[in-house]
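To start, the structure under review is shown below, and the notes come after it.
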Amino acid sequence: MDEPSPDKPARSIAIRDRQMVCQIDKRLLRRTLTHYLRKELELNSYELCFHLVDAKEMAEVNWKFLQHEGSTDVITFDHMDAVDGKNLFGEIFICMADAVSQARQFKTNWQSELTRYAVHGILHLCGHDDVDAADRKRMKREENRGLRKLGEEFNLARLSCQNE
């Protein structure tokens with residue numbers, strides 16, 4: 001991916017699905033995320049790659065880049081030199097096994113968890129942080145708002161290619 005320039009804004013979302021946990025409607029996911037980026041966040045340009053992975057690959061990414069053991073739900077890599085709030089360039093890794101597990105735990109569905117993780121990663125790229133309690137609370141509020149708005153606009157349950 002080439003870094004976007006002011007004279008040539010990029011608007012692309014790539015989805016790389018390397019997991020076997022859920023069958024995902026990638027076209028609907030791309031439409032949902034495009035709506036969030038353009039309509040809700042009003043971004044000028046973005047070039048994002050979402051990697052939908054299994055727990056083993058997520059654990060490998062987590063160890064290789066963060067030196068943390070085990071899988072996690074979402075990891076974001078920002079490829080911009082500086083956060084400017086209107087241009088995003090990065091990669092977001094989402095563990096679908098964690099989405100399924102946490103959906104059961106929080107009594108929701110994996111489609112909403114997938115969307116939540118994508119929004120969470122995008123918010124990180126926009127400069128949000130969740131290290132301390134106050135920042136985490138602000139970020140969670142924005143994440144919930146984004147998920148609610150997307151749920152009003154799209155039937156997130158249809159992110160599943162089949163009934164599961």
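The values are calculated or read from the model by the stated rules, or taken from the named source; none is laboratory data. Worth saying up front: this structure is predicted, and the values here are computed from it rather than measured. Using ideal geometry, Cβ is built from the backbone for each residue, glycine included, and neighbour counts are taken over all protein chains shown. Calculation scope for accessible area: heavy atoms of the full protein, side chains included, ligands and nucleic acids excluded. Shrake-Rupley method; radii C 1.70, N 1.55, O 1.52, S 1.80 Å.
A 1.4 Å probe run over the range 24-164, with the rest of the protein chains in place, finds 53 Å² accessible per residue. Maximal additional length on extending the E152-R27 stretch stands at 43.2 nm, based on 0.36 nm per residue less the C-alpha distance. Rounded to two decimals, the Cα-based Rg/Rh of the range 105-164, with Kirkwood Rh, is 1.02.
Restricting to the chain, compute how many DSSP beta bridges are antiparallel as a %, nearest 5. Of all bridge pairs located within the chain, approximately 30 percent are antiparallel. Average projection, convex hull of the Cα set of the range 33-86: 4.6 square nanometres. For the chain, the residue among M20, C161, H120 whose Cα projects farthest onto the positive side of the dipole built from Cβ charges is C161. Here the 3J(HN,Hα) profile of the range 12-24, calculated from phi with Karplus coefficients 6.51, -1.76 and 1.60 at θ = phi - 60°, is 9, 10, 9, 10, 10, 9, 10, 10, 10, 6, 9, 8, 10 Hz, Gly and Pro shown as x. Annotated for the chain: lysine pairs at least 8 residues apart or interchain, Cα distance under 19 Å, count 7. Placing +1 on the Cβ of every Lys and Arg and -1 on the Cβ of every Asp and Glu, with no other charges, gives the chain a dipole of roughly 740 debye about its Cα centre.
Which of (1) 20.3, 70; (2) 16.3, 46; (3) 15.1, 46 is the computed Rg and Dmax of the Cα atoms in Å for the structure on display? From the options (1) 20.3, 70; (2) 16.3, 46; (3) 15.1, 46, the structure gives (3).
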